[in-house]
Structures are given as structure tokens and as C-alpha cells.
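Worksheet for the structure shown next.
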Amino acid sequence: MQWESWSQFWHMGGAAVFVWGSYAVTFGLVVLELVLVAQRRKETLKRLLRWRRALGKDGSGRQSAPLESEQ
């Protein structure tokens with residue numbers, strides 16, 4: 001399709017509301033998805049760090065015994 005001017009391009013032969021509306025909705029949903037993914041990632045990292053702290057540094061789930069020099 002060829003347009004004579006920019007106004008004809010933006011008007012899209014009367015279908016501009018549907019075309020540009022579709023682009024706007026898609027763009028909005030992509031942005032929303034990115035925000036939700038970032039939030040889920042942040043929550044997951046917090047949960048993993050809490051879990052790691054609960055298990056202890058060695059990952060066995062038990063606290064390591066203090067060394068003789070520490071007693």
C-alpha cells in the first residue's frame with residue numbers, strides 16, 4: 001500500500017483506530033509482562049536468599065559446630 005502523505009498513513013484508510021489500537025494494547029501488555037516478570041524475579045531471589053540463610057552456609061541444613069579455638 002502506498003500513501004500520498006503522512007496524514008493518510010496515520011489514518012490508514014479508516015482503519016487507524018483498529019490498527020493503532022491493536023499496537024497500543026500489545027505494547028501495554030508487553031510492558032505489563034516485563035514488570036510482572038521483574039517483580040517475580042525479585043520475590044524469587046528474596047525467597048532463595050531466605051532459604052539459603054535458613055539452611056546455613058554449608059547447605060546441609062545444620063549449623064556447623066564451632067571450632068575448638070572458638071570455644
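The values are calculated or read from the model by the stated rules, or taken from the named source; none is laboratory data. Note that the structure is predicted; figures quoted are calculated from it, not measured.
For Lys57, state whether it is of a type in the set (D, E, K, R) and at pLDDT below 95.
Judged against the criteria, Lys57 is a match.
May I ask you to list the residues in segment 4-59 that are outside any loop (DSSP other than H, G, I, E, B) and on the phi > 0 side of the Ramachandran plot?
Met12, Gly13, Gly14, listed by residue number.
Across segment 1-58, what is the number of residues that are among the charged types (D, E, K, R) and under 20 Å from the mean Cα position of the chain (by Cα)?
Number satisfying all stated conditions: 7.
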